[in-house]
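Okay, structure first, notes after.
The values are calculated or read from the model by the stated rules, or taken from the named source; none is laboratory data. Owing to the predicted nature of the structure, the values given are computational and were not obtained by experimental measurement. Please note: Cβ atoms are built from the backbone with ideal geometry, for glycine as well, and neighbour counts cover all protein chains shown. With ligands, DNA and RNA removed, areas are computed over all heavy atoms of the protein, side chains included. Shrake-Rupley method; radii C 1.70, N 1.55, O 1.52, S 1.80 Å.
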Amino acid sequence: MEIRPYREEDLAEVVEFWRRVFPDAPPHNDPSLVIEKKLKVQRELFVVAIDDGQIVGTAMGGFDGHRGWVYSVGVCPDHRRQGIGSALMRRVENDLV
């Protein structure tokens, strides 16, 4: 498994991933809109987990100048309990330092 920064070519796969992993997300959390906004500010705090060439997890964080935040962490149901969520959290936490 690899954790790396989000890339523009990940868009379609991440949108589909979020719709599967966050099926009850409110309309204001439309994946395309959220991603577009995130890429304008601290894009380095948006990371994806890749396993066998497929996105299996994402995490998004932010820093307001005083505090660091983790806005979302998601892992594919069939990849849970393998440490991916923890690895994504560690990556965002390290990037916030």
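Here are a few things to note about the model shown:
Okay, residues lined up against (1) assigned to a helix (DSSP H, G or I); (2) under 13 Å from the mean Cα position of the chain (by Cα); (3) under 16 Å from residue 2 (Cα atoms):
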position: 35; (1), (2), (3): yes, yes, no
position: 49; (1), (2), (3): no, yes, yes
position: 56; (1), (2), (3): no, yes, yes
position: 59; (1), (2), (3): no, yes, yes
position: 66; (1), (2), (3): no, no, no
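- From 14, 73, residue being of a type in the set (A, V, I, L, M, F, W, C) and assigned to a helix (DSSP H, G or I): 14
- Residue identified as part of a loop (DSSP other than H, G, I, E, B) and surrounded by fewer than 14 Cβ atoms within 10 Å (Cβ to Cβ) among 81, 90: 81
- Conditions (1) in contact with a helix residue (DSSP H, G or I) (Cβ under 9 Å, 6 or more places away or on another chain); (2) at pLDDT below 95; (3) farther than 16 Å from residue 22 by Cα; number of the one not met by residue 72: (3)
- Applying the criterion of being of a type in the set (A, V, I, L, M) and open to solvent by 20 Å² or more (accessible area, probe 1.4 Å) to the residues of region 43-71, the residue that is farthest from residue 31 (Cα to Cα) is 50.
- Of the criteria (1) open to solvent by less than 80 Å² (accessible area, probe 1.4 Å); (2) without any contact (Cβ under 8 Å) to a residue 40 or more places away in the chain, which one residue 28 fails: (1)
- Selection status of residue 95, touching a Leu at 6+ places or on another chain (Cβ under 7 Å) and either part of a helix (DSSP H, G or I) or basic (Lys, Arg) (or both): yes
- Filtered by the rule that a residue be loosely packed, with under 11 Cβ neighbours inside 10 Å, in contact with a strand residue (DSSP E or B) (Cβ under 7 Å, 6 or more places away or on another chain) and in a helix (DSSP H, G or I), region 1-11 gives no residues.
- Within region 50-59, one or more residues are among the hydroxyl-bearing types (Ser, Thr, Tyr) and in contact (Cβ under 8 Å) with a residue 12 or more places away in the chain.
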